[in-house]
Structure formats: structure tokens, C-alpha cells
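A short write-up of the structure that comes next.
The values are calculated or read from the model by the stated rules, or taken from the named source; none is laboratory data. Since we're looking at a predicted model, the values are computed, not measured. Note that we place each Cβ from the backbone using ideal geometry, even for glycine, and neighbour counts take in every protein chain shown. Calculation scope for accessible area: heavy atoms of the full protein, side chains included, ligands and nucleic acids excluded. Shrake-Rupley method; radii C 1.70, N 1.55, O 1.52, S 1.80 Å.
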Amino acid sequence: MKYYVTTPIYYVNDVPHIGHAYTTIAADVVARWHRLQGHEVFFLTGTDEHGAKIAQAAATHQEPPQGYCDRIAAQFQADWRTLGISNDFFIRTTATAHQRGVQTFLQGLYEKQYIYKARYTGKYCVSCERFLLDDELVDGLCPDHRIPPQEHAEENYFFRLSAFREPLIHALTNDRDPHHFTIAPPERHHEVLGKLKVALADISISRASLAWGIPIPWDSSQTTYVWIDALLNYITALGYPDERSRIDRPVVSNVERWWPADLHLMAKDILWFHAVIWPALLLAAGLPVPRKIFAHGFFTVNGQKMSKTIGNVIRPEELIQRFGVDGTRYLLLAAFPFGSDGDFSLATLETMYNATLANNLGNLVSRVATMVDKYLQGRVPENAAGPIVGEVERRLRAVGAAFDTLKFFEALTAISQVADSINQYLETQAPWRLAKESPDRLPAVLGDVLRCLWLLALYLAPIMPTAAQTIWTQIGEEGHLTETAPRWLSQPPDRRPPPGPPAGRIVRPPSPLFPRLGT
Ligand code: MSP
């Protein structure tokens, strides 16, 4: 099975913050979860580098636009490396190959007469990079950015978006439509469908007055609207238009191999572009539409929207310094359900870190390693597989199902409850008492617990790859979890070998996984 997952490509008008990290970590979890099951994955992220907003940011920094973009794009790449993001490619919209792809695509639509020229007047919000309708304005201002939109009147090229209203409604509501696709969570599907049913107007896809963009191929006095440029990244990253493969048949091109995307992930702010404009462009070009579009919620920090003006923008490294990479990945996804809006405060993240990571999970791993070291000379006992192992495996299978449906909060809550149960099992079995009263029962109890930790590590791996590997090695496994796990997970549950490290392996003495935070 193959799986193609994307994040939005982020604007380089600002350095990466935890809003960008949130979506990127979520996509990384999805990518890792699929790889863990032995699927072939293409995971794409990148940066959106054209348009008025970026041109302004470069001017503010007194840098040439390309140099400015290079600097910020490098920052995104560095931050994603630090956060353990396993993207297979990083697309930049100022790359020559992307620009060529955009021009080929637009030329195709122009030749099919989906593009026409007209005069346009409207109110443009540079921060949104879109036109606002009069009834969207609040006191004459953009509702999101609280700034007055710019009056804009010029001749532009338009895309016949209105021609796709019926086909899109049909594709969204009929699962037998060859272009059927889904929008999740369901409330987002209803929201888009509701708006589509009201009306769908053509959109301007070029600018006459903005130099920082991709020239329209048949009229170099205009540049491509940044959103059209940006959406196309999802296919140009695959090498669209793949000229070589057309000659080279039967070689399958990367576009044929990976397109359509299985999942476009983003927040609800940019859902309309992905759920309506993007599929319409693809339909016009005769290309398949993405299979699923998932829009998660928006979060605030201490109840406020993150903004440079308020000065409450949190950079990923601030969280990493406090919670480590794995802790940061965990906490961002464990704080509130994926799909809902939420709020973060450093204080609540700290409490959660100490309770679930330091006290519960970290402590569990370290006490098990200590006991195996002390009571069994550090050796993994023969397989006993008592009922707790089956129970834990069953509960963790539900975690897999939660990953499949992007229910990260539910997945992490379940993982934490499983860790709780294993801790309780240790309390009731009390190996320290068995050591004195019936030492012959110790191997079965500690063996079971080791097998449970093996399972926990496996299901934690998409979220906390380093901690999972540390647990894996600590309980006596050799090699890399990501190499062993697919062989195990890809088999039907009733045919899998028993979980756990082989008997006789050495359990290493504990090193703290999640050091407790001082107050
Ligand atoms: N460049 C466009 C996307 C083009 S995709 C073809 C863009 N860039 S952006 O830098 O503004 O990123 C928006 C995305 O960043 C959101 O959709 C979301 O994925 C993420 N988030 C930014 N702030 C966030 C929150 N406060 N909360 C949740 N997600 C956040 O739009």
C-alpha cells in the first residue's frame, strides 16, 4: 500500500512557530504510523514563498526577496529536522522546477478555455492573501487580521471556478462519483457543502501589479496568484508535468505513482482553498482529486491568538528546551482533541508532562528495568504471556485505529491509560514481595510486563520516535524498532508472533526517559 500525506506549505513571512509545528507533527505521526505498518509513504512539507506578504516581509528586513526566502526556508528545514519530522521532500515555491510546473499547468487550463481576462475590483487582505467580500468585513477591517483591506482594481485572469460547483457537490456527496473525496471532520464537510450550495464565483488567478510571483506563461506582465502557485506544490513536488516519463513509458512517473494524495492536512483557516479551489483546478486539468482533506482546529496561547503584535508567538525550540523533542511532540497532540479548537499554556503543558510522561510512563519503564535487573539478573525471561499481555495488545489495537482516523488525543489518552494499568498490575503483583515470598512467580510477572512495554513502545513510536526506541533497546531488543515493527504489525493479529524481546536478552539499567520538571 502507498500513502501520500502533505502539510500546508508555510509562508516565509515569519519564522516557524508552534502553530506550524502542530500540523507538521500531526502529519509526521501519520507518515510514521503508515511506515510502521509497512506501507510506502511519501510525506511532503515545504514553504510558500511568493506573493505580496512575502515581498513586504523581505522589504521590511531590507533583504532581496530570494535571499530572504532562502534564509527563512532554511529555518523551517532546520526546525523540522530538530523536531524529528520525517518528510521525504521539502518543496519551495521559488524552485525552478515548481515554477515550470505551475506554468505548464496554467497554460493547459488556458488552452482549455478555463481561463479568461476581466477587470476586477475588490478588497484584498495581504495577510490573508485573498479578497474579502463586503459582508465579511467587520467595521471595514479584515475579521482575522484587524487591518483595512487594500482596494484593488485591475485587469486580471480569471479561472472559471463557477463551472465546478455542481461537479464538486456531486463529488463530495456521492461515493460512486469517480472524483469522490472527503472532507473531515464531518462538521467541516457540512460547512464547505453549505457554502458551495449557496454560490461559487470565478476567481482571479493573476496580479498585474505584483512582481514577486510566477509569470503567467502567455502574458508576462502578470504574475500567478500566490494561492494557485501554492496549491500546485502538491503535484510539482512529484515532478509534475513529468515530461520524461511520457516518452519513457512504461516507466511509471512519480505523479502517476503517488497522485492523488491520500491526505492533505491543515487547519480550518485554509480549508476552502483546499476543498474547493484545489479540486476544481484538478478537475479542470483532468487530474484526480485528493482523497481526503482534514482540517484541524486552531489553538490560542493563554486564551489569545498567537501574533507578533501581541508578542506571544511560541517558537518550537522554547518547548523543546523545556520538554525535549518527544515531550513537545506528545504534549502538542495530547492537549486537546485534533479537529477541535484549543488553548495552550506553558503551565498546563508542564502539569501534563509531569503527570503523564515523567510520573506515569517514564517511571513505569524505569521501575520495570530496575526490577528485571535486580530480580532476574537483567535477563528477559521465557515467554509466559499471561492475560495482561493480550489485554494490552487489544487496547493498543484501538490506538492504531485512532491513528488511522487522526484521533491523536484519544490515542494518547488510551496509551496513558494502558501505562496506568501496567503500573497498577505491578502494584497488585508486587514483584518486591514475590522476591521474598514466591520468587518462582517473578519471571512470569516481569516477563509479561516487558512484553507490555514492547507493545507500548511500538504504538508510541509514531508520536515519540526517540523515546520509543530507547524503551525498545532498554528492554533488550536489538536493532531499530522501525525495522522490526512493520514485520509484526503487517500480519493479521491472530498470526503475529508473541510480542516482546526474545528470552535471554539483557535488559539495561534505567536511564530517565522524561526527567521530572522542577517547579
Ligand atoms: N501558505 C499558506 C498555505 C498554502 S498550502 C498550499 C498558509 N501558510 S501559513 O503559514 O499561514 O500556515 C497556515 C497553517 O499553519 C494552518 O493551516 C495550520 O496548519 C498552521 N497553523 C498556524 N497557526 C496555527 C494555530 N494557532 N493553530 C493551529 N494551526 C496553526 O496558510
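Which condition from (1) surrounded by 23 or more Cβ atoms within 10 Å (Cβ to Cβ); (2) within 15 Å of the ligand (Cβ to nearest atom); (3) more than 19 Å from residue 297 (Cα to Cα) is the one that residue 34 breaks?
(2)
What tally of residues in segment 259-286 results from selecting those that are of a type outside the set (A, V, I, L, M) and near the ligand (Cβ under 10 Å from one of its atoms)? Walk me through how you get there before you give the answer.
Initial filter on segment 259-286 (of a type outside the set (A, V, I, L, M)): 259-260, 262, 264, 268-269, 272-274, 278-279, 286.
Applying the additional criterion that residues be near the ligand (Cβ under 10 Å from one of its atoms) yields 264, 268-269, 273-274, 278.
Qualifying residue count, segment 259-286: 6.
Where the second residue is open to solvent by less than 10 Å² (accessible area, probe 1.4 Å) and near the ligand (Cβ under 7 Å from one of its atoms) and the first is closer than 16 Å to residue 215 by Cα and not assigned by TED's automatic domain parsing to the domain that holds residue 103 and lies in segment 226-239, which pairs have Cβ atoms under 9 Å and are six or more apart or on separate chains?
Once the first residue is closer than 16 Å to residue 215 by Cα and not assigned by TED's automatic domain parsing to the domain that holds residue 103 and sits in segment 226-239, no partner that is open to solvent by less than 10 Å² (accessible area, probe 1.4 Å) and near the ligand (Cβ under 7 Å from one of its atoms) comes close enough.
Select from segment 389-435 the residues that are open to solvent by 10 Å² or more (accessible area, probe 1.4 Å) and not in a helix (DSSP H, G or I) and list them in ascending order.
405, 407, listed by residue number.
Those residues that are among the β-branched types (Val, Ile, Thr) and either near the ligand (Cβ under 10 Å from one of its atoms) or open to solvent by less than 10 Å² (accessible area, probe 1.4 Å) (or both), I need them from segment 292-310; list them, please.
Residues satisfying the conditions are 293, 300, 301.
Using the structure shown, decide if residue 48 is near the ligand (Cβ under 8 Å from one of its atoms) and crowded, with 24+ Cβ neighbours inside 10 Å. Quick ask: steps written out before the conclusion?
Details: near the ligand (Cβ under 8 Å from one of its atoms): yes; crowded, with 24+ Cβ neighbours inside 10 Å: yes.
Considered against the rule, which asks whether it is near the ligand (Cβ under 8 Å from one of its atoms) and crowded, with 24+ Cβ neighbours inside 10 Å, residue 48 comes out as yes.
Looking for whichever is open to solvent by 40 Å² or more (accessible area, probe 1.4 Å), within 15 Å of the ligand (Cβ to nearest atom) and assigned by TED's automatic domain parsing to the domain that holds residue 131 here; the options are 75, 62, 66. Which one fits?
On the way: 62 fails: within 15 Å of the ligand (Cβ to nearest atom); 66 fails: within 15 Å of the ligand (Cβ to nearest atom).
Just one listed residue meets the conditions, 75.
List pairs: first residue in segment 145-171 and free of Cβ contacts under 8 Å to residues at least 24 places away in the same chain, second residue open to solvent by less than 90 Å² (accessible area, probe 1.4 Å) and assigned to a strand (DSSP E or B) anywhere in the structure, Cβ distance under 9 angstrom, at least six positions apart or on different chains.
Listed by first residue and then by second, the contacts come to 145/125; 146/138; 147/125; 147/141; 148/123; 148/125; 148/141.
Would you check which residues across segment 1-12 are more than 14 Å from the ligand (Cβ to nearest atom) and in contact (Cβ under 8 Å) with a residue 60 or more places away in the chain and list them? If you could, list the steps in order and put the result at the bottom.
So in segment 1-12, the residues more than 14 Å from the ligand (Cβ to nearest atom) come out as 1-4.
Across segment 1-12, the qualifying residues are 2, 3, 4.
Every residue, every condition in (1) assigned by TED's automatic domain parsing to the domain that holds residue 82; (2) under 19 Å from residue 37 (Cα atoms); (3) open to solvent by 40 Å² or more (accessible area, probe 1.4 Å), yes or no:
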{"site": "446", "(1), (2), (3)": "no, no, no"}
{"site": "457", "(1), (2), (3)": "no, yes, no"}
{"site": "462", "(1), (2), (3)": "no, yes, no"}
{"site": "465", "(1), (2), (3)": "no, yes, no"}
{"site": "474", "(1), (2), (3)": "no, no, no"}
{"site": "477", "(1), (2), (3)": "no, yes, no"}
{"site": "483", "(1), (2), (3)": "no, yes, yes"}
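Conditions: (1) touching a residue at least 60 places away in the same chain (Cβ under 8 Å); (2) assigned to a loop (DSSP other than H, G, I, E, B). Residue 91 meets all but one. Number of the miss?
Failing condition for residue 91: (2).
Only one residue in 325, 313, 289 is more than 13 Å from the ligand (Cβ to nearest atom), in a loop (DSSP other than H, G, I, E, B) and of a type in the set (A, V, I, L, M), so which one is that? Spell out how you get there, then give the answer.
Numbers: 325 fails: in a loop (DSSP other than H, G, I, E, B); 313 fails: more than 13 Å from the ligand (Cβ to nearest atom).
After applying the criteria, what remains is 289.
Can you tell me which of (1) free of Cβ contacts under 8 Å to residues at least 60 places away in the same chain; (2) assigned to a strand (DSSP E or B); (3) over 16 Å from residue 404 (Cα atoms) is the one residue 43 doesn't meet?
Result: residue 43 passes all but (3).
Which numbered condition trips up residue 109, out of (1) away from the ligand (no atom under 13 Å from the Cβ); (2) hydrophobic (A, V, I, L, M, F, W, C); (3) in contact with a strand residue (DSSP E or B) (Cβ under 7 Å, 6 or more places away or on another chain); (4) open to solvent by 10 Å² or more (accessible area, probe 1.4 Å)?
With respect to (1) away from the ligand (no atom under 13 Å from the Cβ); (2) hydrophobic (A, V, I, L, M, F, W, C); (3) in contact with a strand residue (DSSP E or B) (Cβ under 7 Å, 6 or more places away or on another chain); (4) open to solvent by 10 Å² or more (accessible area, probe 1.4 Å), residue 109 is out only on (4).
Scan 376, 346, 332 and give me the residue that is touching a Gly at 6+ places or on another chain (Cβ under 9 Å) and either open to solvent by 20 Å² or more (accessible area, probe 1.4 Å) or within 14 Å of the ligand (Cβ to nearest atom) (or both).
376
What are the pairs with Cβ atoms under 9 angstrom where one residue, in segment 204-219, is more than 21 Å from residue 278 (Cβ to Cβ) and modelled with pLDDT of 95 or more and the other, located anywhere, is part of a loop (DSSP other than H, G, I, E, B) and open to solvent by less than 50 Å² (accessible area, probe 1.4 Å)? Sequence gap at least six, or different chains.
212/49; 212/50; 212/51
Working carefully through the options 8, 16, find the one that is open to solvent by less than 20 Å² (accessible area, probe 1.4 Å) and touching a Pro at 6+ places or on another chain (Cβ under 8 Å). Reasoning before the result, please.
Details: 8 fails: touching a Pro at 6+ places or on another chain (Cβ under 8 Å).
None of the others qualify; the one that does is 16.
Six or more apart or on different chains, Cβ under 6 Å: which pairs go from a residue in segment 13-27 that's near the ligand (Cβ under 9 Å from one of its atoms) to one that's of a type in the set (Gly, Ala, Ser)? Could you list them?
Qualifying pairs under 6 Å: 13/57.
Give 301, 313, 325 a once-over and let me know the one that is in contact with a Gly (Cβ under 6 Å, 6 or more places away or on another chain) and not assigned by TED's automatic domain parsing to the domain that holds residue 362. It would help to see each step written out before you state the result.
Numbers: 301 fails: in contact with a Gly (Cβ under 6 Å, 6 or more places away or on another chain); 313 fails: in contact with a Gly (Cβ under 6 Å, 6 or more places away or on another chain).
Going through 301, 313, 325 in turn, the sole match is 325.
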